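Have a look at the structure below, then the notes.
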Amino acid sequence: MTTNADNSLEQELLFAIIKERYGYLLTDEQLDSVRTAIVGQREVFRPIREYKLTNDVEPFSNFRPFRGD
Amino acid sequence: MANSFAFKPIRELAGLIASREISAVGLTQEFLDRLEQHGPHYNALVTLTPERALATARQAETDIAAGRNRGLLHGIPWGAKDLLATSGGIPTTWGAAPFKDQQFTHDATVVTRLEAAGAPLAGKLAMIELAGGMGYIHPDASLAGPPKNPWDTGRWTGGSSSGSGAAVAAGLVPFAIGSETWGSILIPANNCGLAGLRPTYGRVSRHGAMALCWTLDKLGPLCLTADDCGIVLEAIAGPDPQDGSTHPEPFIYRPDFNPGRRYRIGVPRGALDEAADAVKENFEAAIEALRDMVDVEEMEFPEFPYVEVTSVILMVESASAFEDFLAEGGPRELSAPGWHGRSPYARPAVLATDYIKAQRLRGVMARQVDETMAGYDAIAAPTAMNTATPIDQEFRSRSMTSAGAGDLMGSIGNGCGLPSISVPSGFDGDGLPTGIQFMARAYDENVCLAIAREYQARTEWHRRHPGEPGD
């Protein structure tokens, strides 16, 4: 079971990854904007993570093996 | 002579060409003139393509004179959202300053198919930069400037197919092609008082179109009428070996489609809860106008986190599609970088398991939504909750990557890849159009087109057009 505190830690860790990867491109104000967006994204993930799927439910993708002529 | 053929639907223009009342070259030249003269007024035009258009028109004239008529689009000029690749030195800007000089050596499949049908490409039309893929909240997010609505230039057209909406609404081209990842055809149709068709995902090849989200992007027409949308869809749809997602069957437009019974239309519970008064009143009047041929009942979609699932897919795929652009600091060069809590740099911050889970949920969603929709020919709802918003204001308080953005029809329709058509349902007190959408099951474009056509046969909203600049 994750808690709100865990979620906050997760968002901080995700922010740290983004800062490490793109921080050199961004101003402090823009980094604040990234942090705000990442915190907002938590609410997007929550209902997806809470939705229970059985093991056999596959991703809805369209991959087909390719064979050229 | 000026303006004599503007605002005529495709079938009527085709009749005029067939009867030699206008030539393909004459018609194309008139629309080139209108697009050149008025396109910049609405910030709708990126590149006029007169040489290419007239070459196609001259060939059309020769073919028609020789009895080789290729169909209703033969000699009918059109405009392309500027995310469709065009060869021959014509730029394809994706609506964004960093790509303003971008050129391709190939044509998008949609361009190839329309030209094969004899339709001259009159110009490349403005769009929200990168189709809104970096997140945007303000209409000025476009290389061409904020897209102005022909009904009121103090309002915006909607996005991201903004130039396509403005150009058709102002009578600068008979029809245009737009694209929709989430709302980008239906919202301009709503705001500009047009018929806009979002086809089933995979119905139209995406080859040569800017990729924003591979599993969400659709190309479709913006036209004056639902009938026009059917005509254009038939020309652009069908399998394409260059796009593995395309449906293997061609689309045959059936303008005489009739189920042989009353249509069954569902209206989602709460669909009008957030609608502005005029939107609500016009929607209810639209349903009344259809009462002689439809049975309407309130319905509910199965419970799923539709907005969240579609949002995660959008975030991750757009972050991947523009990974290099982000790494190079490209967003800094955009007209309206997506800051203010909507940074595109937040999008890579999604765990792979969350994206895969969203794709797994998507399959369950798609099946259960289809089961629910099997009880109806179409689901009807207002296309948007409001008319066009002021051009100098944020158009929504939250981005689509925020939970609770509230766009149930958009998140279901795009998340599940379903076709939907928006047609005008009336006007508000400020003279701005409202829209009604009819969303059908996958591959049932003929059904939603037929209902929209029947609605337009009973109403006159689509016959109203904005005045010319300076009127």
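Points worth noting:
- Placing unit charges on each Cβ (+1 for Lys and Arg, -1 for Asp and Glu) gives the range B:242-318 a dipole about its Cα centre, and among B:248, B:313, B:282 the Cα reaching farthest toward its positive end belongs to B:248.
- The Stokes-Einstein estimate for the range A:4-50, based on a Kirkwood radius over Cα pairs and taken at 20 °C with 1.002 mPa s viscosity, is a diffusion coefficient of 193 µm²/s.
- FRET efficiency for the residue B:320 to residue A:49 pair, using the beta carbon distance and R₀ = 22 Å, is estimated at 0.55.
- Whole-Hz ³J(HN,Hα) from phi, Karplus 6.51 cos²θ - 1.76 cosθ + 1.60, for the range B:250-256, glycine and proline x: x, 9, 9, 6, 10, x, 9
- For the residues of B:302-310, the average number of beta carbons from a partner chain within 10 Å of their own beta carbon is 3.
- If R0 is 60 Å, the Cβ-Cβ spacing of residue A:9 and residue B:69 corresponds to a FRET efficiency of close to 0.35.
- Nitroxide proxy distance, nm - points 7 Å out along Cα→Cβ at residue B:12 and residue B:62: 3.2 nm
- Residue-wise HN-Hα coupling along the range B:62-69, computed from phi with Karplus coefficients 6.51, -1.76, 1.60 (Hz; x: Gly, Pro): 4, 5, 5, 4, 8, x, 9, 7
- Across peptide A:25-38, the average count of Cβ atoms from other chains found within 10 Å of a residue's Cβ is 6.
- Taking 0.36 nm per residue of separation and subtracting the current Cα-Cα distance, fully stretching the chain between residue B:116 and residue B:295 would add 60.4 nm.
- Each Lys and Arg contributes +1 and each Asp and Glu -1, all at the Cβ; summed about the Cα centre of the range B:128-281, the dipole is approximately 360 debye.
- Residue-count net charge about residue B:59 - beta-carbon cut-off 12 Å; Lys, Arg +1, Asp, Glu -1: +1
- Amide H partners (placed H, <5 Å) of residue B:434, local residues excluded: B:425, B:426, B:427, B:428
- Relative contact order for the range B:209-344, counting Cα pairs under 8 Å that sit 6 or more residues apart, in percent: 24 percent
- Overall form of chain B per C-alpha gyration tensor (a/c, 1.5; a/b vs b/c): rounded
- Cα-based convex hull, the protein assembly as shown, per residue volume (Å³, whole number): 154 Å³
- Protection proxy ranking, peptides B:215-226, B:91-102, B:241-252, average beta carbon neighbours within 10 Å, highest first: B:215-226, B:91-102, B:241-252
- Computed from point charges on the beta carbon alone (+1 for Lys and Arg, -1 for Asp and Glu), the dipole magnitude for the protein assembly as shown about its Cα centre is near 820 Debye.
- Taken about its Cα centre, the range B:80-217 carries a charge dipole of roughly 200 debye when the Cβ of each Lys and Arg holds +1 and the Cβ of each Asp and Glu holds -1.
Taken together, the values in this text are just the output of simple stated rules run on the coordinates, not laboratory data. Keep in mind that what you see is a predicted model, and the values were worked out from it rather than measured. For neighbour counting, all protein chains shown are included, and Cβ atoms are generated from backbone atoms with ideal geometry for every residue, glycine included.
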